[in-house]
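The values are calculated or read from the model by the stated rules, or taken from the named source; none is laboratory data. Fair warning: this is a prediction, and the values are worked out from it, not measured in the lab. All Cβ positions, glycine included, derive from the backbone under ideal geometry; neighbour counts span all protein chains shown. Note: accessible area is taken over every heavy atom of the protein model, side chains too, but ligands, DNA and RNA are not part of it. Shrake-Rupley method; radii C 1.70, N 1.55, O 1.52, S 1.80 Å.
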Amino acid sequence: MVSRDSVGQAQSTAERPLYACIEAGGTKWNLAVACERSALLRTARVATTTPVATIGESLAFFDAARSELGPIAAIGIASFGPLDIDRASPNWGHILRTPKPGWTGADVVTPFTDALGCPAGLDTDVNGAALAEGLWGAARGCRSATYVTVGTGIGGGALIGGHTLRGHGHPEMGHIAVHRHPEDDFAGSCPFHGDCLEGVANGPAINARWGCSLSELPEDHPGRAIIAYYLAQLAVGQLAMLASDRIVVGGGVLATPGLLARIRAEAERLAAGYFGTRDFDALIVPPALGDDAGVLGALALAMRVVGADTGA
Ligand code: ZN
């Protein structure tokens, strides 16, 4: 476990409730104990290995923080999926069928609510990040906003009228069908759909085609335009279906220099002027909360479950 204490942050007081926060990712869990958006009092990172080990290490972190700082008012969990986020379901808080070994059926909520004796707010990692960006970041004040991450997988969450989008399950924006780029004959790597968006544009699909990450390709390599073309289709789909005020795009693949600009240009070309006069530089933006979007999403979920003022 890697942990650090925040420097110069005040300790919690009885007037400032403490929240436990988990951004449960597929490769690592980011943990925090916070009393408000600007005060992450303790943070740590644990590797996503087995449910028993990862949850156990996380519990140990919260236990230590709690004995130092005081009781936890609520926990927020923003988790990788597929995940049952229906509170009325007997499987609420369980990971659904996933290729990740050992995680199908894992309960990522009850071990924490039992140990900490507090209620939990739960959502997907990308819905959580959309919520945090909507409250405190790049989508502040937006009526309809999405958060998309492009990395090992492709996921998207949405914040509509202040609520994260959920229904029968949660959005699975990475699995939309895309028009294939004429210069791309890659079969696709999604075990369910082959050449859905995730199957052609996530990190592993990029690596399978070109043997390296997108940022390692030469500046003029056609792969850069191909990936931008696919991701732009998701952006235009969001415009068409969700009337997006803002589309926040992050994740490892977006660290590729110039990719965001290519996606904006390609989305504008594909939109073909249909969705009104839009400034695509203002529409498609990077996360304002950077790497903290996920864990701050968990904080927002915790605050909301006890009706705390998020200050937004
Ligand atoms: Zn798929």
How do 198-205, 286-293 rank on mean C-beta neighbours within 10 Å, highest first? 198-205, 286-293
If you wrap a convex hull around the Cα atoms of the stretch 96-213, how much volume per residue is inside, in Å³? 159
Place a label point 7 angstrom from the Cα of His179 along the Cα-to-Cβ direction, then list the residues of the stretch 229-253 whose backbone nitrogen is under 11 Å away. 230, 233
Unit charges at the beta carbon, dipole of the stretch 138-286: most positive-side option, Ala138, Met173, Ala235: Ala138
Once all Cα-Cα distances of the chain are split into 20 Å bins that start at 0, what whole-number percent is in each one? 34, 56, 10, 0
Ignoring ligands, DNA and RNA, what percent of the accessible area of the chain is carbon or sulfur (1.4 Å)? 53
Let me test this: with uniform point scatterers at the alpha carbons of the stretch 138-286, what is the Debye-based log₁₀ I(q)/I(0) at q = 0.11, 0.21 1/Å? -0.38, -1.39
Please give the contour-minus-distance gain from Arg140 to Asp291: 0.36 nm per residue of separation, less the Cα-Cα distance, rounded to one decimal in nm. 52.6 nm
Stretch Ala272-Ala88 to full length: gain in nm at 0.36 nm per residue minus the Cα-Cα span? 62.0 nm
Cα-centred dipole magnitude for the chain, charges only on beta-carbon of K, R (+1) and D, E (-1), debye, nearest 20: 280
Taking θ as phi - 60°, what are the ³J(HN,Hα) couplings along the stretch 55-66 by the Karplus curve (6.51, -1.76, 1.60), each to the nearest whole Hz, with x for Gly and Pro? 5, x, 5, 5, 4, 5, 4, 5, 5, 5, 5, 5
